[in-house]
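Each remark here refers to the structure printed beneath this line.
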Amino acid sequence: MARSEEAENFFHAVYSAVQEIPPGKVTSYGHIAKLIGTPERPRQVGICLKHLPVDTTERFHHDNVPWQRVINAKGAVSPRSQPAGARNQAAALEAEGVTVTTGALGELMVDFGEFGWFPRVLPSEEGQGLGDSDEDGEEGSGEDES
DNA sequence: GTTATGACTTTGT
DNA sequence: GACAAAGCCATAA
């Protein structure tokens, strides 16, 4: 039944979460998955971005959703099976002001300490999201754990 | 209609 | 600390 609508809602939530990402910052799939209420389904988040409509007539499209700011938990962009696409994503991130390091293996590792990581807290919002629940957080460099 | 793959993460050894 | 395996949903063949 509403599976289709649920799926659409899932997509919508992912796009909204990605749109909420401020410029100069990046987030991971698991993060968005958690934001939308599915911390156990990060894969679907990637699928959502993969199916991100390029049609500017849609509510969300490639030009409106900074999907490039979404990276994997390893702190590097996903090669997805096409280094060109990943590299393009890295180039876009650099254009945003994000420092991306190219590994010898062709891994595009994102350098955090330079811009900071997107807050990993749940604004407790759903649906509308976009709230400004700016948790502020710590931003300071070195927040990450390691 | 079924099988296989994918823009990943988490847990276990 | 590092490597390996399992799980999820949707698209494509």
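Derivation of every value follows stated rules applied to the coordinates shown; laboratory data play no part. Small disclaimer: the values here were computed from a predicted structure and weren't measured. Glycine gets a Cβ as well: all are built from the backbone with ideal geometry, and neighbour counts include every protein chain shown.
Here the extension length gained between residue A:111 and residue A:88 equals 6.6 nm, from 0.36 nm per residue of separation less the Cα-Cα distance. Distance between the 7 Å Cα→Cβ label points at residue A:41 and residue A:74: 2.5 nm. Residues whose amide H comes within less than 5 Å of that of residue A:112, counting only those at least five positions distant or on another chain, are absent (H built at 1.01 Å from N in the peptide plane). Amide H to amide H distances under 5 Å link residue A:78 with A:72, where only residues 5 or more positions off or on other chains count and H is placed in the peptide plane. With K and R counted +1 and D and E -1, the other residues having a Cβ less than 10 Å from that of residue A:29 yield a net charge of +3. The stretch between residue A:50 and residue A:64 holds 3.6 nm of extra length on full extension. This uses 0.36 nm per residue minus the Cα-Cα distance.
Taking amide H as placed 1.01 Å from N in the peptide plane, the amide H of residue A:26 sits under 5 Å from that of A:118, each at least 5 places away or on another chain.
Working from the Cα coordinates of segment A:3-111, the gyration tensor eigenvalues give, after taking √(5λ), semi-axes of 23, 15, 13 Å in decreasing order.
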